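*Asks:* Dropping the structure in here first, questions after.
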Amino acid sequence: MQLRTFKDLKVWQKSYLLVLEIYKVSKVFPKEERFGLTSQIRRAAVSIPSNIAEGYARSSLKQYINFLFIAYASGAELETQLMLAKDLDYFTENKFEDIIGKYYEVERMLMALIRSLEKKT
């Protein structure tokens with residue numbers, strides 16, 4: 001399949017769905033977290049597909065890979081925030097396992113894409 005746009009990338013699609021999930025679960029965080037963890041966790045999640053998209057639109061492979069690494073780093077930030085939210089009992093263990101599983105899938109896909117592109121440089 002020919003990729004015509006960043007939206008054709010499976011890793012972008014899955015990370016976009018992850019953002020939607022993060023927004024849904026963070027709606028029930030305590031009101032006092034609105035400018036704290038709720039904002040942080042959403043920004044970290046949004047950063048993943050956003051950086052994949054921006055990197056895809058860059059003019060060089062080196063820049064693309066750099067933006068994929070930024071997306072990967074945002075994922076590490078998201079993982080930390082998800083762990084914190086779980087430990088603060090903002091969602092159940094089952095919900096945490098579901099979301100973290102989706103994140104780990106995105107993480108693996110991102111690293112596979114990075115490795116694949118690095119072989120071309």
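*Asks:* Scan segment 1-17 for residues that are in contact (Cβ under 8 Å) with a residue 24 or more places away in the chain, buried (at least 16 other Cβ atoms within 10 Å of the Cβ) and out of contact with any Gly (no Cβ under 9 Å at 6 or more places or on another chain) and report the count.
*Replies:* Residues meeting the conditions: 5.
*Asks:* Return the residues of segment 99-121 that are surrounded by fewer than 17 Cβ atoms within 10 Å (Cβ to Cβ), assigned to a helix (DSSP H, G or I) and out of contact with any Phe, Trp or Tyr (no Cβ under 9 Å at 6 or more places or on another chain); say none if nothing qualifies.
*Replies:* I100, G101, K102, Y104, E105, R108, A112, R115, S116, E118, K119, listed by residue number.
*Asks:* In segment 74-93, what count of residues is obtained for those that are farther than 18 Å from L17 by Cα and surrounded by fewer than 16 Cβ atoms within 10 Å (Cβ to Cβ)?
*Replies:* Keep residues of segment 74-93 that are farther than 18 Å from L17 by Cα, which gives 80, 83-93.
Subsequent filtering for residues that are surrounded by fewer than 16 Cβ atoms within 10 Å (Cβ to Cβ) retains 80, 83-84, 87-89, 92-93.
Adding up the residues that qualify gives 8.
*Asks:* Without any contact (Cβ under 8 Å) to a residue 60 or more places away in the chain, hydroxyl-bearing (S, T, Y) and surrounded by fewer than 18 Cβ atoms within 10 Å (Cβ to Cβ): does that describe T38?
*Replies:* The answer is no for T38.
*Asks:* If you don't mind, another one. Test K62 against the criterion of being at pLDDT 95 or above and either on the phi < 0 side of the Ramachandran plot or buried (at least 20 other Cβ atoms within 10 Å of the Cβ) (or both), and give yes or no.
*Replies:* Judged against the criteria, K62 is a match.
*Asks:* Just to check your reading of the model, which residue among F91, F96 is under 18 Å from E33 (Cβ atoms) and part of a loop (DSSP other than H, G, I, E, B)?
*Replies:* Just one listed residue meets the conditions, F91.
The values are calculated or read from the model by the stated rules, or taken from the named source; none is laboratory data. Source: prediction; values computed, not measured. Cβ atoms come from the backbone with ideal geometry, glycine included; neighbour counts cover every protein chain shown.
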